[in-house]
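Chemist: Here's a structure for you.
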Amino acid sequence: MARVLTGIQSSGRPHLGNILGAIVPAIELIKQNNEESFIFIADFHSLTSSKDGELRKENTLAVAAAWLVFGLDIDKTVFYRQSRRPEVAELTWYLSCFTPFPMLANAHSFKDKSERLADVNAGLFTYPVLMAADILLYSADLVPVGKDQLQHLEMCRDIASAFNHQVGEEILTLPEPRISEEVMIIPGTDGQKMSKSYNNFIDIFLSEKDLKKNVNSIITDSKGLEEPKDPDTCNVFKLYSLIASDDQNTQMRKNYIEGNYGYGHAKKEFMELILDKYASERKAFDFYMNHPQEIEQKLAAGEMKAKETGMKLLEKVRAKLGFS
């Protein structure tokens, strides 16, 4: 049985892009395949960009709640916070001593900011090593990744190979990437990829009042109410079509092409669709956020399972390096 591992940073509340692009596909994968799965909240990783402790706690709970309300079965999944398993920090140090400087200097996560070195902390520079430890600690066979993360997984394999070669035994499992060509790129309110960094996301868990403001922020062109409009170039239609049924999409497309249908109408329909489609998830999310102890209990159970698995690997590593 293959072991699958994936994680999501707690750098903010999960938005529609996270849900459609990562959370829902991962949950469906777990349901469809007889595979052992580890899903974690990467709260250590979030420290490279956010230093606000209270905000991190809130975001961590929100990420956990999102996984739960969309149907993650914690009886079939090891669901845990990265930071509650300090073994990953210990393994990160060991692995860092097998990681050459040029490899890290060539990482996209560093190179993207290398022209502004004052903005680069050591955590960001060694980000790929922590990511490798996340994967190798639990002997993951498969790691779902987007193409932008493929380099980091290749680095993980290189680090693991270097360690295994040094100790003369295949202690660390070399993970394989699982790249789905069907993974959706979710557009944001401005047409770019939806991202917290661009502040162009749709938060389906907002109150109705705030959700309306969020939806109304979607950028459109200046065509008047009477004019026919092109649904294929409209940010509102692109977002609507991602969660609407075929019949709903057909009707919305017809409205655009025929005219006498404004962007305000489209935004109103998109908001109503969110409220209708995600009514139960929104209600459950509010419950969890108002009862954090319910989330804590579920995470704590997963963290004990993660400890049992991770310690077996870590003891082997310690022994090989003379720390047992």
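Chemist: Among the helices (runs of 4 or more DSSP H) confined wholly to the stretch 253-324, which include 1 or more residues that are without any contact (Cβ under 8 Å) to a residue 24 or more places away in the chain, surrounded by 19 or more Cβ atoms within 10 Å (Cβ to Cβ) and touching an Asp or Glu at 6+ places or on another chain (Cβ under 6 Å)?
Modeler: It comes to none.
Chemist: Quick one: which strands (runs of 3 or more DSSP E) lie wholly within the stretch 1-120 and hold at least 1 residues that are aromatic (Phe, Trp, Tyr), more than 27 Å from TYR240 (Cβ to Cβ) and modelled with pLDDT of 95 or more?
Modeler: Here the list reads 36-42, 77-81.
Chemist: Now, a different point. List the residue pairs whose Cβ atoms are under 8 Å apart, where the first residue sits in the stretch 128-156 and is outside the structural domain of ILE30 (by TED's automatic domain parsing) and among the charged types (D, E, K, R), the second is buried (at least 22 other Cβ atoms within 10 Å of the Cβ) and at pLDDT 95 or above, and the two are 6 or more positions apart or on different chains.
Modeler: none
Chemist: Let me ask another. I'd like to verify a number: residues in the stretch 183-212 that are modelled with pLDDT of 95 or more, within 15 Å of the chain's Cα centre (by Cα) and not in a loop (DSSP other than H, G, I, E, B), how many?
Modeler: The total comes to 0.
Chemist: Here is a follow-up. Looking for whichever is of a type in the set (S, T, N, Q) and not assigned by TED's automatic domain parsing to the domain that holds THR233 here; the options are GLN251, GLN297. Which one fits?
Modeler: Testing whether each residue is of a type in the set (S, T, N, Q) and not assigned by TED's automatic domain parsing to the domain that holds THR233 leaves just GLN297.
Chemist: Whether any residue in the stretch 43-56 is of a type in the set (Gly, Ala, Ser) and surrounded by 18 or more Cβ atoms within 10 Å (Cβ to Cβ) is what I want to check.
Modeler: yes
The values are calculated or read from the model by the stated rules, or taken from the named source; none is laboratory data. Given the structure is predicted, the values throughout are model-derived calculations rather than measurements. As a convention, Cβ positions derive from the backbone with ideal geometry for all residues, glycine included, and neighbour counts pool all protein chains shown.
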